[in-house]
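One structure is given below, encoded as structure tokens.
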Amino acid sequence: MSDIKDPLSSIFDRAMKNQVIFKNKNALRSEYIPNELHFRDDQITRIGQILSPILNRDKPSNLLIYGKTGTGKTVVTRYVLNRLIERTKKTAMDVKVGYVNTRVASTEYRVLTELAHSIGIILPFTGLSISEAFHRITEHIKATQTKAIFALDEIDFLVKLSGDNLLYELTRANESMPQTSFITLIGISNDLKFKDNLDARVLSSLNEEETVFSPYTVDELKAILLERVNIAFNTDVVTEAAINLCAGMAGSEHGDARRAVDLLRVAGELAEREGAGEVRDEHVRQAAQSIERDRIFEGIQSLPIHGKLTLLAVSRGREPENTGHIYARYIALAKQLGLEPLTQRRISGLLSELDLLGLISAPVISQGRMGRSKKISLAIQTDVLKAALTEDETLKPLF
DNA sequence: CCTCCACTGGAAACCTAGGCTC
DNA sequence: GAGCCTAGGTTTCCAGTGGAGG
């Protein structure tokens, strides 16, 4: 659509959309990979060096990458992999690169499905055993003499949820492969401590090489933002105050470039919506609120029905309450909808999950003779909650 | 120091949807 | 199409627990 050659139509399009603020908003999306990555030369060089043996048909070492969110781990990894693939295109080698975010593909099976997809085979989304899925992947790699690099992003989630079985199998798979094919693993993690949950054999194999990404400083964030501003916005639309604030807010957390860019994008959208000619610092402040609100809103919407009911049961109470009270109210709500209520054990589990999501606060406290229970209170604004819950048709009768 | 409350949270059994094989 | 298998969610069962009140 966008590469229509007719110059007039693109001029008209732009005029119709009244693009005073944005020039190319794609540069602010999280998947965007810039042509040049600043302040990450060391890491790029290092990862490049580690992976380069593949150009000589040798197996590169496995690699673990650490760093907080928004420090460029993902973008640098994808950048190096892209460049590597570009280079191998000129050769006859069958190099395949797979990238999976294991927080998104949250089970072992889904991870395998995506890895399979990256080497060109399709697995059904259910029905196969893990070992069968694994077998198909390794057989395909052997048969086609593929040299595969699999990047597992947010690998700590996979380990936390499903243990290190899959990693163990993946690291071991090379033992049964001929010289011509292999799997190299890149593990990317926010959490330095996740190593503790790994089997020693898995760790030693996965940790052949290690790279750490340190947080960006506020000045570095500012430079990154300035460059994105030039690509994404029209000239002189973004005030310096706005950029400084974005960099400052993101820097005060932990040098999170993704957050800085998100703030900038949403601030731009807000400015555009209110018809302002420029993006000012107040838009950035509004953006911070709006992002938080959206995060909560989506968190609630993606909850299963009983999770929503539990949340509603929490919100319908005053003061902090214990699990028993919440459960009683939950049962009443479920009955009103004609749903079979889940057990208290399950609701206790759901409450823990809601706590983890930051939607409620549910620390376990002991009240002596009054027993030991969770002390549950809502951690979000009721209007956001209500807005998100009323979107769900099945909950309509409760409002 | 002991009791005893009101759960917590681990473990295992059970259920369901859906693909596979024959 | 029957019978088998698995992942993921739920139920069942139950030992364990922190601390106010005795």
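Every number in this text was worked out from the coordinates using simple rules, so none of it is lab data. All values derive from a computational prediction rather than experimental measurement. Positions of Cβ are backbone-derived with ideal geometry, glycine not excepted, and every protein chain shown enters the neighbour counts.
Could you tell me which of the pairs A:LYS73/A:LYS222; A:LYS89/A:LYS222; A:LYS222/A:LYS308; A:LYS96/A:LYS308 are separated by over 30 angstrom between their Cα atoms in the structure shown?
A:LYS89/A:LYS222; A:LYS222/A:LYS308; A:LYS96/A:LYS308
From the phi angles alone, apply the Karplus equation (6.51, -1.76, 1.60; θ = phi - 60°) to the stretch A:334-341 and give each ³J(HN,Hα) in whole Hz, x where the residue is Gly or Pro.
4, 4, 4, 8, x, 9, 6, x
Restricting to Cα pairs below 8 Å that are 6+ residues apart, what does the relative contact order work out to for chain A? Please round to a whole percent.
16
Per residue of the stretch A:264-273, what does 6.51 cos²θ - 1.76 cosθ + 1.60 with θ = phi - 60° give for ³J(HN,Hα)? Whole Hz please, x for Gly and Pro, Karplus curve as stated.
Calculated HN-Hα couplings, in order: 5, 5, 5, 4, x, 5, 5, 4, 5, 5 Hz.
How many angstrom separate the Cα center of the stretch A:30-64 from the Cα center of the stretch A:141-195?
Rounded to whole Å, the Cα centres lie 17 Å apart.
Work through the residues other than A:SER205 whose Cβ is under 13 Å from its Cβ and net out their charges, Lys, Arg +1 and Asp, Glu -1.
Overall, the nearby charge balance is -3.
When only alpha-carbon atoms count, how far does the stretch A:216-299 stretch along each of its three principal axes, as whole angstroms with the largest first?
Over the stretch A:216-299, Cα extents along the principal axes are 32, 32, 19 Å.
Residues of the stretch A:265-295 with the amide nitrogen closer than 13 Å to a label point 7 Å from the Cα of A:GLU253, along Cα-to-Cβ, please.
In the stretch A:265-295, the label zone of A:GLU253 (backbone N under 13 Å from the point 7 Å along Cα→Cβ) covers A:265-266, A:287-295.
Just to confirm the filter: which trypsin sites (Lys or Arg not before Pro) across the stretch A:87-118 are DSSP coil and have at most 16 other Cβ within 10 angstrom of their Cβ?
Within the stretch A:87-118, the qualifying trypsin sites (Lys or Arg not before Pro) (loop, at most 16 other Cβ atoms within 10 Å) are A:LYS90, A:ARG103.
Loop by DSSP (not H, G, I, E, B), at most 16 other beta-carbon atoms within 10 Å: where is the longest site-free stretch of chain A for GluC sites (Glu not before Pro)?
That would be A:37-207.
Considering all alpha-carbon pairs of the stretch A:170-284, what whole percent are spaced by more than 16 angstrom?
I get 67 percent for the Cα pairs in the stretch A:170-284 exceeding 16 Å.
So what's chain A giving for Cα Rg divided by 2.2 N^0.38 Å, two decimals?
The reported ratio for this selection is 1.16.
So, in Å, what gap is there between the alpha-carbon centers of the stretch A:376-399 and the stretch A:274-323?
Cα centroid to Cα centroid, the span is 10 Å.
Just A:ALA267, A:ALA232, A:ALA379 to compare: in a GNM of chain A, with alpha carbon springs under 10 Å, which one fluctuates most?
Residue with maximal mean-square fluctuation among A:ALA267, A:ALA232, A:ALA379: A:ALA379.
Find the Cα radius of gyration of the stretch A:296-337, compare it with 2.2 N^0.38 Å by division, and give the number to two decimals.
Taking N as the residue count of the stretch A:296-337, the ratio is 1.15.
How high is the relative contact order of the stretch A:288-363, in percent, with contacts defined as C-alpha pairs under 8 Å that are six or more residues apart?
29
Grab the beta carbon distance between A:VAL364 and A:GLU175, set R0 = 51 Å, and tell me the FRET efficiency rounded to 0.05.
Calculated transfer efficiency: 0.70.
Test of understanding: what is the full-extension gain from A:ASN35 to A:ARG293, defined as 0.36 nm times their sequence separation minus their Cα-Cα distance?
Full extension from A:ASN35 to A:ARG293 adds 89.7 nm.
With a point put 7 Å past each Cα toward its Cβ, work out how far A:ARG346 is from A:ARG103 in nm, to one decimal.
Each label point is offset 7 Å from its Cα along the Cβ direction, giving 2.8 nm.
How about the stretch A:55-148: which chymotrypsin sites (Phe, Trp or Tyr not before Pro) there lie in a loop by DSSP and see at most 16 other Cβ atoms within 10 Å?
Qualifying residues, ordered by number: A:PHE125.
Working out 0.36 nm times the residue gap between A:ALA387 and A:ARG318, then minus their Cα-Cα distance, what length gain in nm do you get to one decimal?
Gain on stretching A:ALA387 to A:ARG318: 22.9 nm.
Given Cα positions, please report Rg to Rh for the stretch A:41-213, the hydrodynamic radius being the Kirkwood one.
0.93
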